[in-house]
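To start, the structure under review is shown below, and the notes come after it.
The values are calculated or read from the model by the stated rules, or taken from the named source; none is laboratory data. In this text, all values refer to a predicted model and were calculated from it rather than measured experimentally. Glycine also receives a Cβ, built like all others from the backbone with ideal geometry; neighbour counts cover every protein chain displayed. Note: accessible area is taken over every heavy atom of the protein model, side chains too, but ligands, DNA and RNA are not part of it. Shrake-Rupley method; radii C 1.70, N 1.55, O 1.52, S 1.80 Å.
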Amino acid sequence: MKRIYPDFTYSDAPRAGCWWDHTCDAPDRDALQGHHSCDVAIIGGGFTGVSAALHLAKAGVDARVLESRYVGFGASGRNGGFCCLGGGRLDDAGLERRVGVEGRTEWRQAELASVAFVEDLINQYGIDVDRHSDGETQFAHRSRDFATLRAEVDRVGEVYGLNARLTAAADLQSEGMNAGFHGALTLPAGFGLNPRKYILGLAAAAEAAGATLYHGSGVTQITRSGGRYQLATPAGVLSADKLIIATNGYSSEDLPDWLAGRYMPTQSSIIVTRPLTQTELGAQGWTSGQASYDTRKLLHYFRLMPDNRMLFGVRGGVMATPGSEARVLRRARADFEHMFPAWKEVETPYSWSGMVCVARNRMPFVGPVPGLPGAFASMCYHGNGVAMASYSGGLLADLVQGNEPKQIYPRIVQRPLEKFELGRFRRAVMPLVYATFSLSDR
Ligand SMILES: Cc1cc2nc3c(=O)[nH]c(=O)nc-3n(C[C@H](O)[C@H](O)[C@H](O)COP(=O)(O)OP(=O)(O)OC[C@H]3O[C@@H](n4cnc5c(N)ncnc54)[C@H](O)[C@@H]3O)c2cc1C
């Protein structure tokens with residue numbers, strides 16, 4: 001494996017303090033042992049891979065997931081649980097320049113469909129995910145950003161067909177949203193969930209439908225012979241007609257070689273408080289259970305969960321060592337105290353980090369891997385994959401079977417990933433990018 005961060009990033013250390021691991025038990029699964037054969041082999045046991053496995057198994061396909069560690073080890077088991085619109089970074093003008101108005105509409109409708117897709121899965125398989133929040137709320141961190149949010153109301157109506165609701169700064173207190181913001185915009189789409197309960201529920205549904213999931217089965221080599229893929233793992237080999245790559249921010253440059261230089265893992269980090277008392281909530285004036293984020297480029301995302309713990313996330317760390325990891329978590333704590341000064345003394349006993357993934361063209365890719373017949377990939381959800389990765393797994397299931405996708409398959413995600421500059425040294429540009437974002441957030 002050739003990964004672009006040091007081993008620390010891919011170890012247990014960055015996720016050691018993850019709150020979700022304390023919320024429910026997870027089953028053990030065997031590693032692949034010996035030689036096996038199947039229709040479709042899937043590398044990666046997160047939302048993308050497990051959703052693909054579930055949808056393939058439902059169609060009667062023998063689908064097997066090879067996961068290096070365990071289901072949900074990657075971003076899918078340690079994210080903020082915002083099931084929301086997103087997945088790409090291009091704005092409407094950028095989308096239109098590349099794929100026209102029709103292509104832009106397709107993408108925006110796919111975003112909406114991805115949230116509904118997760119909702120359907122949760123309902124269909126009875127997955128208890130501690131759901132809360134009525135849509136999502138974005139908060140203006142400067143007064144000029146409230147003007148931008150005001151202009152968003154019409155855009156949101158036009159591109160999503162949704163009625164967005166503005167809240168003026170003066171009304172935030174009465175809505176239980178007192179954190180020094182300059183107003184807010186609420187979209188009636190999206191909700192908060194416990195990502196561990198969701199990925200484990202999805203995995204159980206996939207197994208019940210007939211899929212096989214292996215733990216401790218990191219793929220170390222992909223070869224092709226006799227028109228089939230051979231995937232080498234530490235204790236076995238899986239041979240398959242078709243292949244799905246679902247490794248996102250935990251990908252390697254050589255699995256497959258085509259990926260080299262085409263994805264950029266970046267860090268997101270979270271802290272979680274102990275349950276806040278009613279007195280503490282009242283003292284701050286924050287009682288809202290809305291899934292929330294602010295207008296910063298290096299955004300903060302936060303939500304008061306059903307058990308009154310506040311989850312608070314930041315983007316922009318460059319995790320490579322225990323020292324840099326500790327620094328970003330200190331910054332998260334300082335930002336939390338700045339936003340919620342009444343909770344300065346409230347402990348945040350849980351904190352962790354993980355890798356999201358961005359693309360050179362700022363949009364996800366879902367489609368065939370160039371040069372590898374029968375191999376497909378889906379990745380680069382730009383830190384918003386709860387809904388979009390689940391949805392893309394469904395798309396992959398159709399693509400790999402050669403079926404016309406049942407879901408909207410936006411043309412913008414059909415463009416293969418482009419190469420970043422600087423090849424395997426590409427992450428060196430990230431500190432500069434973050435510094436620029438940080439300046440523009442002031
Ligand atoms: C801290 C954090 C907060 C986030 N918050 C949100 C949020 O609130 N809302 C939202 O929408 N998105 C959020 N995201 C992003 C979201 O979690 C991801 O986009 C999504 O989980 C990606 O799913 P995935 O299945 O593609 O990849 P992952 O879940 O990362 O899974 C990839 C898997 O591949 C495995 N793997 C890698 N290489 C191999 C190999 N060679 N062999 C076998 N297995 C391999 C890894 O072990 C890993 O488990 C967040 C991410 C992080 C890290």
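For the reader, a short list of remarks on this structure follows.
- Within the range 296-308, the residues that satisfy the criterion of being open to solvent by 30 Å² or more (accessible area, probe 1.4 Å) and either at pLDDT 95 or above or β-branched (Val, Ile, Thr) (or both) are 306, 307, 308.
- If you go through the range 340-372 and pick out every residue that is away from the ligand (no atom under 15 Å from the Cβ) and either closer than 21 Å to residue 5 by Cα or of a type in the set (Val, Ile, Thr) (or both), you end up with 2.
- Of all residues in the range 75-119, those satisfying the criterion of being open to solvent by less than 10 Å² (accessible area, probe 1.4 Å) and closer than 11 Å to residue 410 by Cβ are 87, 95, 103, 107, 110, 111, 114.
- With respect to being without any contact (Cβ under 8 Å) to a residue 60 or more places away in the chain and open to solvent by 40 Å² or more (accessible area, probe 1.4 Å), residue 134 falls outside the description.
- Single unsatisfied condition, residue 283 versus (1) part of a loop (DSSP other than H, G, I, E, B); (2) open to solvent by 10 Å² or more (accessible area, probe 1.4 Å); (3) out of contact with any strand residue (DSSP E or B) (no Cβ under 9 Å at 6 or more places or on another chain); (4) more than 13 Å from the ligand (Cβ to nearest atom): (1)
- One residue from 396, 372 being over 29 Å from residue 295 (Cβ atoms) and under 19 Å from the mean Cα position of the chain (by Cα): 396
- Segments classed as strands (runs of 3 or more DSSP E), wholly inside the range 197-255, with at least 2 members that are more than 9 Å from the ligand (Cβ to nearest atom), open to solvent by 10 Å² or more (accessible area, probe 1.4 Å) and free of Cβ contacts under 8 Å to residues at least 40 places away in the same chain: 221-225, 228-233
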